[in-house]
Amino acid sequence: MNFSKWVSLIFILNLFCPTLSFSDSSSSSSSSSSSSNGLTEIPKRFLQFAKRPELFDWMVGIRRKIHENPELGFEEFETSKLIRTELDKMGITYKYPVAVTGVIGFIGTGGPPFVALRADMDALPMQEMVEWENKSRIPGKMHACGHDAHVAMLLGAAKILQEHREEIKGTVVLVFQPAEEGGGGALKLIDEGVLENVNAIFGLHVSSNLAVGEVHSKAGPIGAGNGFFEAVISGKGGHAAIPQHSVDPILAASNVIVSLQHLVSREADPLDPQVVTVAKFQGGGAFNVIPDSVTIGGTFRAFSKESFMQLRYRIEEVIRGQAAVQRCNATVDFFTEAKLFYPPTINHKGLHEHFLNVAGDMIGIHKVKDVKPLMGSEDFAFYQEVIPGYFFLLGMQNVTRGRLESEHSPYYQVNEDAFPYGAALHASLAARYLLEYQPEVSFSERKIHDEL
């Protein structure tokens with residue numbers, strides 16, 4: 001194809017295809033003009049709406065129903081039924097089932113641009129130790145990571161957006177996601193096409209150590225990539241009194257563990273945080289018997305995909321090599337099917353500017369703070385590998401009511417006073433995004449969602 005034909009093709013593509021801008025300059029220009037067109041008032045109005053007693057009490061009731069009936073990943077059938085019932089009451093269309101129990105709702109015109117809001121639904125396999133009227137009624141299962149609150153706030157955002165649907169210039173996609181806790185629910189939703197035509201996605205997580213009414217986040221990496229490994233180191237068992245007749249896998253495993261620590265202390269850039277932790281060691285059952293084999297396992301984490309994959313490569317190399325030094329054999333399993341590698345959670349720079357503008361207009365920029373990157377992982381990162389995404393922490397600590405336990409504790413509690421902020425931020429981020437990032441789309445080329 002000659003140059004003139006290429007120019008013609010590019011002109012046609014620019015004429016008929018949607019173009020969205022996420023640059024700092026576009027965010028700045030949007031921010032500077034927002035006062036004149038009333039955009040700055042949207043977050044304030046939405047927060048006032050979310051604080052209405054009837055809406056607040058409704059969100060609290062939804063959360064407590066879900067809390068009483070916790071369901072593990074891909075088993076959230078009753079949670080999903082409750083969500084669909086509430087969407088039906090609001091007149092919001094949706095797709096179900098998606099990825100077994102997922103629900104995908106739609107509010108707006110049915111046409112572009114599309115922006116998504118995500119809430120995870122699953123609970124954890126642990127026993128709740130908090131005694132209160134809405135304690136988990138399912139033995140060995142508990143909402144100890146706030147996902148019940150996430151669902152309640154996204155439903156609250158749906159109610160706000162549906163009440164103000166005449167202001168929505170595009171389509172808001174509500175993503176009620178199963179199996180965040182290790183099941184890779186986000187990846188399964190992506191495989192089923194949930195992000196098709198979606199231009200950006202936002203998500204939040206309640207935080208027990210941040211003040212209620214505050215939000216924390218930043219551009220770039222905020223959560224680490226996460227993987228698991230397990231190794232079986234095999235030798236030759238025998239009597240502990242005559243070790244020369246054995247090949248000791250416990251000694252080999254001990255050398256492996258020490259050598260694995262050198263991957264971070266001697267091979268990693270000190271300015272590039274990484275973690276390798278061996279948290280499992282099983283071998284032997286008697287004081288005077290050298291076992292035939294030892295099993296060790298652990299986790300590894302990093303903030304860049306390159307560092308993450310380098311750790312994975314070196315973990316296997318070190319385990320096999322150190323085992324061989326001690327005359328043992330080793331097999332290494334990274335659970336690539338049962339336990340997915342979670343990529344780093346990396347916030348889009350342009351969406352960070354959008355978040356600062358919206359959250360600042362709602363609660364004041366002094367309550368919008370940078371977050372320190374955490375070595376924890378979040379499967380929201382799978383969405384961010386496909387489209388621009390932004391994840392933030394929502395404070396819920398009230399020091400006058402005592403300290404809240406951290407996530408995954410059997411004593412975990414949620415301060416429901418945070419709900420209006422979460423619901424209003426969800427709704428405001430979506431509504432403002434659709435107003436500020438309008439694509440240039442030929443009407444004849446628009447893809448309309450059949451659900452609407």
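The values are calculated or read from the model by the stated rules, or taken from the named source; none is laboratory data. Bear in mind that the values here come from a model prediction, so they are computed numbers and not experimental data. Cβ placement follows ideal geometry from the backbone for every residue including glycine, while neighbour counts extend to all protein chains displayed. What goes into the accessible areas is simple: the full protein's heavy atoms, side chains included, and nothing from ligands, DNA or RNA. Shrake-Rupley method; radii C 1.70, N 1.55, O 1.52, S 1.80 Å.
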**Prompt:** Once the dipole of the chain is set up with Lys and Arg at +1 and Asp and Glu at -1 on Cβ about the Cα centre, which of Val358, Pro388, Phe229 lies farthest towards its positive end?
**Reply:** Val358
**Complete:** Here, Glu407 and Glu230, labelled 7 Å along Cα→Cβ, have an inter-label distance in nm of 2.4
**Solvent-accessible ranking of Ile104, Ile365, largest area first, probe 1.4 Å** = Ile365, Ile104
**Loop-located chymotrypsin sites (Phe, Trp or Tyr not before Pro) in region 268-328 whose Cβ has at most 16 other Cβ within 10 Å (DSSP)** = Phe287
**Asked** Taking Lys44 as the anchor, which aspartates and glutamates have their alpha carbon closer than 14 Å to its alpha carbon, excluding any fewer than eight residues away along the same chain?
**Response** Asp361
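How much FRET efficiency would the formula 1/(1 + (r/R0)^6) give for Glu196 and His262, where r is the Cβ-Cβ distance and R0 is 35 Å, rounded to 0.05?
Efficiency, from the Cβ-Cβ distance: 0.20.
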**Request:** State the Cα centre-to-centre distance between region 112-183 and region 363-429 in whole Å.
**Result:** 13
**Prompt:** So what are the three principal axis dimensions of the chain from its Cα atoms, in whole Å, longest to shortest?
**Reply:** 84, 72, 41
**Complete:** Within region 377-408, the residues whose backbone N lies under 20 Å from a label point placed 7 Å from the Cα of Glu131 along the Cα-to-Cβ direction are 402-405
**Asked** Can you list the aspartates and glutamates whose alpha carbon sits under 12 Å from that of Lys188, skipping same-chain ones fewer than 8 residues off?
**Response** Glu180, Asp379
**Prompt:** Residue-wise, which Karplus ³J(HN,Hα) couplings in Hz belong to region 124-137, taking 6.51 cos²θ - 1.76 cosθ + 1.60, θ = phi - 60°, and x for glycine or proline?
**Reply:** 10, x, 8, 8, 6, 10, 7, 9, 7, 5, 10, 4, 3, 9
**Asked** Given Cα pairs under 8 Å that are at least 6 residues apart, what percent is the relative contact order of region 132-269?
**Response** 13
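So what's the net charge close to Gly364: Lys and Arg +1, Asp and Glu -1, counting the other residues with Cβ under 14 Å from its Cβ?
On the way: positive: Lys44, Lys367, Lys369; negative: Glu214, Asp361.
Value of the local net charge: +1.
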**Message:** Quick check: pseudo-label points 7 Å beyond the Cα along Cα→Cβ at His245 and Glu54, how many nm apart are they?
**Reply:** 8.4
**Segment Val275-Arg165, extension gain: residue separation times 0.36 nm, minus the distance between their alpha carbons** = 35.0 nm
**Message:** Helix-only mean residue ellipticity at 222 nm, the chain, DSSP H runs n ≥ 4 weighted -39,500 (n - 2.57), per residue, nearest 500. What is it?
**Reply:** -11500 deg cm²/dmol
**Request:** Find the all-direction average of the projected area of the Cα convex hull for region 350-403, expressing the result in square nanometres with one decimal place.
**Result:** 5.2
**Item:** Neighbour-limited loop hits for trypsin sites (Lys or Arg not before Pro), region 365-406 (at most 16 other Cβ within 10 Å; DSSP other than H, G, I, E, B)
**Value:** Arg403
**Request:** Tell me which residues come under 5 Å, amide H to amide H, from Met142 once H is placed; ignore anything under 5 positions away on its chain.
**Result:** Leu124, Met126
**Message:** On the principal axes of its Cα set, how long, how wide and how thick is region 333-442? Give whole Å, largest value first.
**Reply:** 53, 48, 22
**Item:** Distance violations [Cα-Cα > 25 Å] among Lys51/Lys141; Lys51/Lys367; Lys51/Lys369; Lys65/Lys369; Lys218/Lys280; Lys95/Lys159
**Value:** Lys51/Lys141; Lys65/Lys369; Lys218/Lys280
**Prompt:** What longest range of the chain stays clear of loop-exposed GluC sites (Glu not before Pro) (DSSP non-H/G/I/E/B, at most 10 other C-beta within 10 angstrom)?
**Reply:** 134-336
**Request:** Just need log10 I(q)/I(0) for region 52-176 at q = 0.13, 0.18 Å⁻¹, Debye formula, equal scatterers on the alpha-carbon atoms, no solvent, rounded to two decimals.
**Result:** -0.52, -0.92
**Fill in**
Summed over the other residues with a beta carbon less than 13 angstrom from that of Leu204, with K and R at +1 and D and E at -1, the charge totals -3
**Prompt:** Around Lys218, which amide H atoms from residues at least 5 apart in sequence, or from another chain, sit under 5 Å from its own amide H, with H modelled in the peptide plane?
**Reply:** Val371
**Prompt:** From the phi of every residue in region 255-271, what ³J(HN,Hα) in whole Hz does the Karplus formula 6.51 cos²θ - 1.76 cosθ + 1.60 yield, where θ is phi - 60° and glycine or proline is x?
**Reply:** 5, 4, 4, 5, 5, 5, 5, 6, 4, 8, 6, 10, 10, 8, 4, x, 8
**Phi to ³J(HN,Hα) by Karplus 6.51 cos²θ - 1.76 cosθ + 1.60 over region 285-299, Hz, x for Gly, Pro** = x, 9, 6, 10, 10, 7, x, 6, 8, 9, 10, 10, x, x, 10
**Prompt:** What percentage of all Cα-Cα pairs in region 125-222 are separated by more than 20 Å?
**Reply:** 57
**Item:** Whole-number percent relative contact order across region 288-402, with pairs defined as alpha carbons under 8 Å at least 6 apart
**Value:** 25
**Prompt:** For the charge dipole of the chain, defined by +1 on Lys and Arg C-beta atoms and -1 on Asp and Glu C-beta atoms about the Cα centroid, which residue among Val332, Leu435, Gly213 has the Cα displaced farthest towards the positive pole?
**Reply:** Gly213
